[in-house]
Amino acid sequence: MRYSGLRVVVEALTGHRGWKPVWRDPAPQSHYDFVIVGGGGHGLATAYYLAKEFGKSRIAVLEKGYLGGGNVGRNTTIIRSNYLLDGNEPFYEFSLKLWEGLEQDFNYNAMVSQRGIINLIHTDAQRDAFTRRGNAMIMNGADAELLDREQVRAMYPWLNFDNARFPIKGALMQRRGGTVRHDAVAWGYARGADMRGVDLIQNCEVTGMRIENGRIVGVETTRGFIGAGKVGVAVAGSSSKVMAHAGMRLPIESHVLQAFVSEGLKPFIDGVMTFGAGHFYVSQSDKGGLVFGGDIDGYNSYAQRGNLPVIEDVAEGGMALMPAIGRARLLRTWGGIMDMSMDGSPIIDRTPVDGLYFNGGWCYGGFKATPASGWCFAHLLARDEPHVTARAYRFDRFLKGLMIDEKGQGATPNLH
Ligand SMILES: Cc1cc2nc3c(=O)[nH]c(=O)nc-3n(C[C@H](O)[C@H](O)[C@H](O)COP(=O)(O)OP(=O)(O)OC[C@H]3O[C@@H](n4cnc5c(N)ncnc54)[C@H](O)[C@@H]3O)c2cc1C
């Protein structure tokens, strides 16, 4: 069923009896050509593009819980392509271009809102660094603008411009950045994949991998063995656990990242804003809640909830920038498990096991990557060669010292 304005009118006039479930609930078959492990944004997008762009069929997505119950439905919804390094910027710009046409492409309202993102500048050195970043973005075909203090003041006059420790001196702006309704992304890709014959199998945890003579032949699951020609793993925070079934130890640690939503307030933040002197970023949802976040909890964990010290740290960052939020009440917080890689950049690559492919290490930036990640992983699975924008995302960069260290923090996952 295609969605359209006409369809909404017709359904309204006929008692809404024509709406159908958005995807089927099939029983797993004994064998597929492609098995994607993980029904988050990246797994669903991979299945969608495998079917739609690469003409593949006999595809299944295996999800241990329900579709969209992982980080794709837990993130703070920011999309942008304001990266510095050559290994990253073309990939994230490719992703942003896919976001721009996504709703028409999969015929689903994902509420893509290019409301703009600004990264605040607090020192002269930071202005130099952001100027360099903006130039790198422009050279890679993205948009970037440097705003001075008065331009920022015109947008957000209530910011604490004269904070003694963190005065606001300007901002780097990307107007094409913004937000997208995160769970609608999972639903849109799921619907698009299902319409193309992909089996989306929920409550199906992968518990083992069957490898014969160096080649994967299928996966053990809580719903029995499922044979596979190729297996693509896209399980985000569970990457280390799942790849251990193939005997692999990944250059990835799992950490919790928390998100926060305040009570509904009148609209006063049009776009997305990040603090440049600490970990705090914020946007305002269409319902009026401030959606904000900050640093990861700095210890390894598989729990989907965080601890109070980070809540305090994030609140302090927010108060330094916008003291007025001290009066707003925090309504909800939750956590998701981050797959933090050693250099803060992702991996989309083959593995030493024939037919087994890996997609992970997204740290806390994988939502914006969802369309390009799915496209590039599908490209790798279908053609056995990396997509041109994802060539740098290889395992062996850690062996060869070719790190994509966007933040210059070194091999320290909890600092990226
Ligand atoms: C609080 C928070 C804020 C964030 N904010 C942003 C942001 O603003 N912008 C941005 O770009 N990124 C953000 N991120 C990061 C982004 O959400 C993730 O990098 C991205 O969603 C990860 O990819 P995914 O959607 O495929 O992961 P997930 O949705 O986690 O999908 C992985 C799936 O694998 C399943 N799985 C795990 N183990 C198995 C198994 N054994 N068998 C079968 N299935 C399994 C899980 O149940 C899960 O559904 C944020 C993350 C969090 C938690």
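The values are calculated or read from the model by the stated rules, or taken from the named source; none is laboratory data. Everything quoted here is computed from the prediction, not taken from an experiment. Cβ coordinates were reconstructed from backbone atoms using ideal geometry, including for glycine residues, and neighbour counts include every protein chain displayed. Surface areas here come from the heavy atoms of the whole protein model, side chains and all, with no ligands, DNA or RNA. Shrake-Rupley method; radii C 1.70, N 1.55, O 1.52, S 1.80 Å.
Summary table below
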quantity: Only one of 374, 355, 318, 344 that is touching a His at 6+ places or on another chain (Cβ under 7 Å) and more than 11 Å from the ligand (Cβ to nearest atom); calculated: 344
quantity: Pick from region 84-111, criterion of a type in the set (Gly, Ala, Ser) and surrounded by 19 or more Cβ atoms within 10 Å (Cβ to Cβ), ranking: nearest to the chain's Cα centre (by Cα); calculated: 95
quantity: Selected residue (criterion: most open to solvent (accessible area, probe 1.4 Å)) from residues of region 381-409 that are more than 19 Å from the chain's Cα centre (by Cα) and hydrophobic (A, V, I, L, M, F, W, C); calculated: 399
quantity: Options 207, 179, 221: the member that is within 16 Å of the ligand (Cβ to nearest atom), open to solvent by 40 Å² or more (accessible area, probe 1.4 Å) and among the β-branched types (Val, Ile, Thr); calculated: 207
quantity: Pairs, first touching a residue at least 12 places away in the same chain (Cβ under 8 Å) and assigned to a loop (DSSP other than H, G, I, E, B) in region 376-401, second open to solvent by 30 Å² or more (accessible area, probe 1.4 Å) and among the basic types (Lys, Arg), C-beta under 8 Å, six or more apart; calculated: 384/350; 386/394
quantity: Residue within region 220-233 that is assigned to a helix (DSSP H, G or I) and either modelled with pLDDT of 95 or more or in contact with a His (Cβ under 8 Å, 6 or more places away or on another chain) (or both) present; calculated: no
quantity: Residue check, residue 128 open to solvent by 70 Å² or more (accessible area, probe 1.4 Å) and charged (D, E, K, R); calculated: yes
quantity: Close pairs (8 angstrom Cβ cut-off, 6 or more residues apart or separate chains): touching a residue at least 40 places away in the same chain (Cβ under 8 Å) in region 58-76, acidic (Asp, Glu) and near the ligand (Cβ under 7 Å from one of its atoms) anywhere; calculated: 62/205; 64/205
quantity: Every pair of residues 6+ apart whose Cβ atoms lie under 8 Å, when the first sits in region 240-265 and is farther than 28 Å from residue 313 by Cα and within 14 Å of the ligand (Cβ to nearest atom) while the second is of a type in the set (Phe, Trp, Tyr) and not in a strand (DSSP E or B); calculated: 241/302
quantity: Given (1) assigned by TED's automatic domain parsing to the domain that holds residue 293; (2) surrounded by 21 or more Cβ atoms within 10 Å (Cβ to Cβ), index of the condition residue 123 fails; calculated: (2)
quantity: From 186, 164, residue being within 15 Å of the ligand (Cβ to nearest atom) and of a type outside the set (S, T, N, Q); calculated: 186
quantity: Any chance residue 273 is within 15 Å of the ligand (Cβ to nearest atom) and over 30 Å from residue 397 (Cβ atoms); calculated: yes
quantity: Residue within region 22-32 that is at negative phi and near the ligand (Cβ under 8 Å from one of its atoms) present; calculated: no
quantity: Unique match (being touching a residue at least 24 places away in the same chain (Cβ under 8 Å), more than 11 Å from the ligand (Cβ to nearest atom) and under 24 Å from residue 390 (Cα atoms)) among 51, 45; calculated: 51
quantity: Among the candidates 136, 144, 129, residue that is more than 23 Å from residue 323 (Cα to Cα), in contact (Cβ under 8 Å) with a residue 60 or more places away in the chain and not basic (Lys, Arg); calculated: 144
